[in-house]
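First up is the structure itself, then whatever we jot down about it.
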Amino acid sequence: MTASLTPHRVQRVARPAAHPRHAPQRRVRFAPVTVIIPAYNESLSLRDTIASVRAQSVQPAELIVVDDCSTDDTGAVAESLGATVLRPPANTGSKAGAQMFALPMVRTEFTIAIDADTTLAPDALERLLAAFADPAVAAACGTVLPRRVASLWERGRYVEYLFAFEYYKRVQDHYGVPLISSGCFSLYRTAALHAVGGWSQRTLAEDMDLTWTLYQRGYGVRFLPEAVCYPIEPHDFHFLRKQLRRWSHGFVQNVRLHWRGVLQVPFLRSAVAVSLWDALIASLVYLVVLPALALWLRNPWLLLGYVIDVPAVLVPVLAGALRRGEAGRALLSVPAFFVLRTVNAVFFLRAAWAELVRGQSFRTYEKGH
Amino acid sequence: MTAGIPGAGIGGLFYLVNALLLPLRGLRRRARGEAVPWRELFRQAALAAGILAGIWLAGWGLGLWLGSGAGGAPSPLGAAAAARTARLLGAATLVVSCGTLAAVLLSVQLARLMVRRSR
């Protein structure tokens, strides 16, 4: 058995093959990483998630599945695949709650959070680890793309993600401030995670809360586009509604919670202000002003405003899709993006109205798939 | 998640300007002796230039379409007047968008100063 330490503290260990007399030993590299997978009734998707973790080019030292009192056989599936299964005495009520249940058990330098419906590209973990050569970096995230692209909503999300991860997020990273280290797949320095109190349940977007807290404490966050993960996105409106409700309320809650601190972080303050403006004012223009104007002026051509930016959206989307050999899929999915964008606008307006005007904070964590 | 409505609004303009400024930012980093991922910076700037070209193309196409009589109906303004209207609309949209973005960013700076002073 051999072991060495690379700059990213990856230990190379020869793992005995299944039939040591006949097969050469396979060299497996281990990293001081603990994977935490919070799971509630995820037996159908968990198998793929764990398999993708086991197939990583760099192996995590520990794999913990938090079976958040599932009523299906999530725990049994995880155990059969060799994961350490933790079960809280009662359902924690949120993803952050389940993650926090596991955090005290983590003994490794790094902690990785993966959703139970998310699979990873084989080199995803190794690529994220590269960011931690910089001691200031506390979190790193990668590109997110829907695993299934079939329904209207999945297609809309596919284009939305291609646009966001090919364009917005890369620009944010060049300015040193990715807006969010995605909750479905992010790697953290465990000490930093402990220092900021881990994942909080005070908002419905625990990933945004954690990312903005890290910035305010002086930590760095990186986006590495080559580290790719594939979550299952909502395939119908029933699940999409839950997810968008959680995200839109979570965004408004985080702005309310962090606005003073965010104002002190260069670029982040501008990016958040612009996002908030678009979520409120642009949504209002999109949903109310444009159709009202078309009716008032009796000019239906004004409704072209809904799709006037098709060429602008297509440029980054096609750039990302071409590199993946998915140009046809992206072109076919573009109309769905404009439907999803309209629905997004409705949810953001409703969330802002409830949280900021009516003072009704939405706190129920509903699974989005 | 993407907050707001990606592509539309002042967010599109904000990221466009910031992407176009990336090579300049690279020069500043280089002057400080930092390693600069030039290829990535120029890639993002080129993407932004492509988006600008896409926006211009959309405006030009719209002007041409309206001038020729949209939807088959003859243009009430005539081709020249329609093209002028399209140009005017384009310019007005740009001025309003840039003005709004500048106002939002200025408000953020003012809020930052006020918060800092109150601490």
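The values are calculated or read from the model by the stated rules, or taken from the named source; none is laboratory data. Since this is a predicted model, take the numbers as computed values, not measurements. Note that each Cβ is placed from the backbone with ideal geometry, even for glycine, and that neighbours are counted across all protein chains shown.
Does A:SER275 satisfy the condition of being within 19 Å of the chain's Cα centre (by Cα), closer than 15 Å to A:TYR365 by Cα and within 12 Å of chain B (Cβ to nearest Cβ)? In short, no.
Restricting A:LEU276, A:LEU304, A:LEU293, A:LEU240 to those that are among the aliphatic types (A, V, I, L, M) and within 21 Å of A:ASP117 (Cβ to Cβ) reduces the list to A:LEU240. For the subset of segment A:332-342 comprising residues that are within 10 Å of chain B (Cβ to nearest Cβ) and more than 19 Å from the chain's Cα centre (by Cα), which member is surrounded by the most Cβ atoms within 10 Å (Cβ to Cβ)? Of everything passing the filter in segment A:332-342, A:PHE338 is surrounded by the most Cβ atoms within 10 Å (Cβ to Cβ).
Looking only at segment A:360-367, decide whether some residue is surrounded by 15 or more Cβ atoms within 10 Å (Cβ to Cβ) and in a helix (DSSP H, G or I). Within segment A:360-367, none of the residues are surrounded by 15 or more Cβ atoms within 10 Å (Cβ to Cβ) and in a helix (DSSP H, G or I). Close Cβ contacts (under 8 Å, 6 or more residues apart or on different chains) running from residues in segment A:147-162 that are over 13 Å from A:LEU332 (Cβ atoms) to residues that are acidic (Asp, Glu) comprise A:ARG147/A:GLU233; A:ARG148/A:GLU154; A:ARG148/A:GLU233; A:TRP153/A:GLU233; A:TRP153/A:ASP236; A:ARG157/A:GLU233. Criterion applied to A:LEU187, A:LEU193, A:LEU152 was being aliphatic (A, V, I, L, M) and either in contact with a Phe, Trp or Tyr (Cβ under 6 Å, 6 or more places away or on another chain) or surrounded by 24 or more Cβ atoms within 10 Å (Cβ to Cβ) (or both), and the one residue passing it is A:LEU187.
Could we say that B:ALA35 is surrounded by fewer than 18 Cβ atoms within 10 Å (Cβ to Cβ) and either under 13 Å from the mean Cα position of the chain (by Cα) or at positive phi (or both) here? For B:ALA35, the condition - surrounded by fewer than 18 Cβ atoms within 10 Å (Cβ to Cβ) and either under 13 Å from the mean Cα position of the chain (by Cα) or at positive phi (or both) - is not met. Among the criteria (1) within 12 Å of chain B (Cβ to nearest Cβ); (2) under 21 Å from the mean Cα position of the chain (by Cα); (3) modelled with pLDDT of 90 or more, the one A:GLY368 does not fulfil is (3). Of the helices (runs of 4 or more DSSP H) lying entirely inside segment A:146-203, those carrying at least 1 residues that are within 12 Å of chain B (Cβ to nearest Cβ), farther than 24 Å from A:GLN243 by Cβ and within 17 Å of the chain's Cα centre (by Cα) are A:169-174. Checking segment B:10-32 against the condition returns no match, with no residue being modelled with pLDDT of 95 or more, in contact with a Lys or Arg (Cβ under 6 Å, 6 or more places away or on another chain) and surrounded by 13 or more Cβ atoms within 10 Å (Cβ to Cβ). Note on segment A:286-307: residues that are surrounded by 17 or more Cβ atoms within 10 Å (Cβ to Cβ) and under 27 Å from B:ARG43 (Cβ atoms) amount to 0. For segment A:77-99, the set of residues classified as surrounded by fewer than 22 Cβ atoms within 10 Å (Cβ to Cβ) and of a type in the set (A, V, I, L, M, F, W, C) consists of A:LEU81, A:VAL85, A:LEU86, A:ALA90, listed by residue number.
Kindly evaluate A:ALA327 against the criterion of being at pLDDT 95 or above, over 26 Å from A:VAL255 (Cβ atoms) and surrounded by 20 or more Cβ atoms within 10 Å (Cβ to Cβ).
Working: at pLDDT 95 or above: yes; over 26 Å from A:VAL255 (Cβ atoms): yes; surrounded by 20 or more Cβ atoms within 10 Å (Cβ to Cβ): no.
Criteria not met by A:ALA327.
Every listed requirement among (1) over 20 Å from the mean Cα position of the chain (by Cα); (2) outside any helix (DSSP H, G or I) is met by A:ALA140 save one, (1).
With the structure loaded, tell me whether A:THR213 is touching a residue at least 40 places away in the same chain (Cβ under 8 Å) and part of a helix (DSSP H, G or I) or whether it fails that test. Against the criterion (touching a residue at least 40 places away in the same chain (Cβ under 8 Å) and part of a helix (DSSP H, G or I)), A:THR213 qualifies.
Taking the condition crowded, with 17+ Cβ neighbours inside 10 Å, within 23 Å of A:LEU145 (Cβ to Cβ) and not polar (S, T, N, Q), does A:GLU226 pass? Break it down stepwise before answering.
Values: crowded, with 17+ Cβ neighbours inside 10 Å: no; within 23 Å of A:LEU145 (Cβ to Cβ): yes; not polar (S, T, N, Q): yes.
Considered against the rule, which asks whether it is crowded, with 17+ Cβ neighbours inside 10 Å, within 23 Å of A:LEU145 (Cβ to Cβ) and not polar (S, T, N, Q), A:GLU226 comes out as no.
Within segment A:253-267, the set of residues being surrounded by 16 or more Cβ atoms within 10 Å (Cβ to Cβ), more than 7 Å from every other protein chain (Cβ to nearest Cβ) and out of contact with any Ser or Thr (no Cβ under 9 Å at 6 or more places or on another chain) comprises A:TRP259, A:VAL262, A:VAL265, A:PHE267.
Have a look at A:ARG298, A:ARG260, A:ARG256 and point out the one that is out of contact with any Phe, Trp or Tyr (no Cβ under 9 Å at 6 or more places or on another chain) and in a loop (DSSP other than H, G, I, E, B). Being out of contact with any Phe, Trp or Tyr (no Cβ under 9 Å at 6 or more places or on another chain) and in a loop (DSSP other than H, G, I, E, B) holds for just one of A:ARG298, A:ARG260, A:ARG256, which is A:ARG298.
On the stretch given as segment A:229-252, residues that are buried (at least 22 other Cβ atoms within 10 Å of the Cβ), of a type in the set (D, E, K, R) and in a helix (DSSP H, G or I) total 1. Of the set (1) modelled with pLDDT under 90; (2) over 10 Å from the mean Cα position of the chain (by Cα); (3) of a type outside the set (Ser, Thr, Tyr), all apply to B:ILE55 but (2).
Filtered by the rule that a residue be within 8 Å of chain B (Cβ to nearest Cβ), in contact (Cβ under 8 Å) with a residue 12 or more places away in the chain and not aliphatic (A, V, I, L, M), segment A:279-304 gives A:SER283, A:TYR286.
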